[in-house]
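Reviewing the structure listed below.
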Amino acid sequence: DNFLYPVAGPKCNSEDSNRDSLFTNHRNHSQMADFQFSNFDAFKDAADEPGASQGDKVHVRVQQRNGRKCITTIAGLADDLDIKRICKAFKKNFSCNGAVQKDEDDKEVIQLSGDQRTNVKEFLVDQEICHSDAVVLHGF
């Protein structure tokens, strides 16, 4: 069963022989399994992390529609805000189309045409609707 591991080439010095011996001896293969790698899940939501709640974050996502067309969605705005008025301001300032939709949890979500993630974050911070650390940008 030694044929599964690569055979070491010509050895030059002791450092190379130590390195090559890791690959030739199958008993040392378990040493490679001892390394700890940090796992990063790119698809994990920010709300899944301990200490983070979804209620205090505003999530700005971009969704690919077809070709180069995309939609920006803004979710998690506070319930006491006038969402339709904010949507109207987005449409006027960014020169794009937009709509207010209901999601599965009966929360209001703003949809804007085009990739407006950075514009939305700047607008929300400039108008003091929310803090910059409360806005989470998702996508690409």
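The values are calculated or read from the model by the stated rules, or taken from the named source; none is laboratory data. Since we're looking at a predicted model, the values are computed, not measured. Cβ sites come from the backbone with ideal geometry, for glycine too, and all protein chains shown count toward neighbours.
Are any residues in segment 61-87 part of a loop (DSSP other than H, G, I, E, B) and of a type outside the set (A, V, I, L, M, F, W, C), and if so, which ones? Outline the logic, then answer.
Within segment 61-87, the subset part of a loop (DSSP other than H, G, I, E, B) is 65-69, 76-82.
Result: R65, N66, G67, R68, K69, G76, D79, D80, D82.
Mind counting the residues in segment 88-140 that are part of a strand (DSSP E or B), free of Cβ contacts under 8 Å to residues at least 40 places away in the same chain and surrounded by fewer than 16 Cβ atoms within 10 Å (Cβ to Cβ)? Walk me through it before giving the result.
As a first pass, look at segment 88-140 and keep what is part of a strand (DSSP E or B): 98-102, 108-113, 135-137.
Cutting the leftovers down to free of Cβ contacts under 8 Å to residues at least 40 places away in the same chain gives us 98-102, 108-110.
Now narrow it down to the ones that are surrounded by fewer than 16 Cβ atoms within 10 Å (Cβ to Cβ): 99-102.
Number satisfying all stated conditions: 4.
When you look at K107, is it out of contact with any Leu (no Cβ under 7 Å at 6 or more places or on another chain) and within 19 Å of G139 (Cβ to Cβ), yes or no? It would help to see each step written out before you state the result.
Numbers: out of contact with any Leu (no Cβ under 7 Å at 6 or more places or on another chain): yes; within 19 Å of G139 (Cβ to Cβ): no.
The answer is no for K107.
Does A46 meet the test of being surrounded by 10 or more Cβ atoms within 10 Å (Cβ to Cβ), of a type in the set (G, A, S), modelled with pLDDT of 90 or more and closer than 28 Å to Q127 by Cα? Full working, then the answer.
Values: surrounded by 10 or more Cβ atoms within 10 Å (Cβ to Cβ): yes; of a type in the set (G, A, S): yes; modelled with pLDDT of 90 or more: no; closer than 28 Å to Q127 by Cα: yes.
So A46 fails the test.
Among the residues of segment 75-103, write down those that are of a type in the set (K, R), under 26 Å from the mean Cα position of the chain (by Cα) and within 16 Å of K121 (Cα to Cα). Please lay out each step first, then the result.
Quick first cut of segment 75-103, residues of a type in the set (K, R) only: 84-85, 88, 91-92, 102.
Filter once more, so that each one left must be under 26 Å from the mean Cα position of the chain (by Cα): 91, 102.
The one that is of a type in the set (K, R), under 26 Å from the mean Cα position of the chain (by Cα) and within 16 Å of K121 (Cα to Cα): K91.
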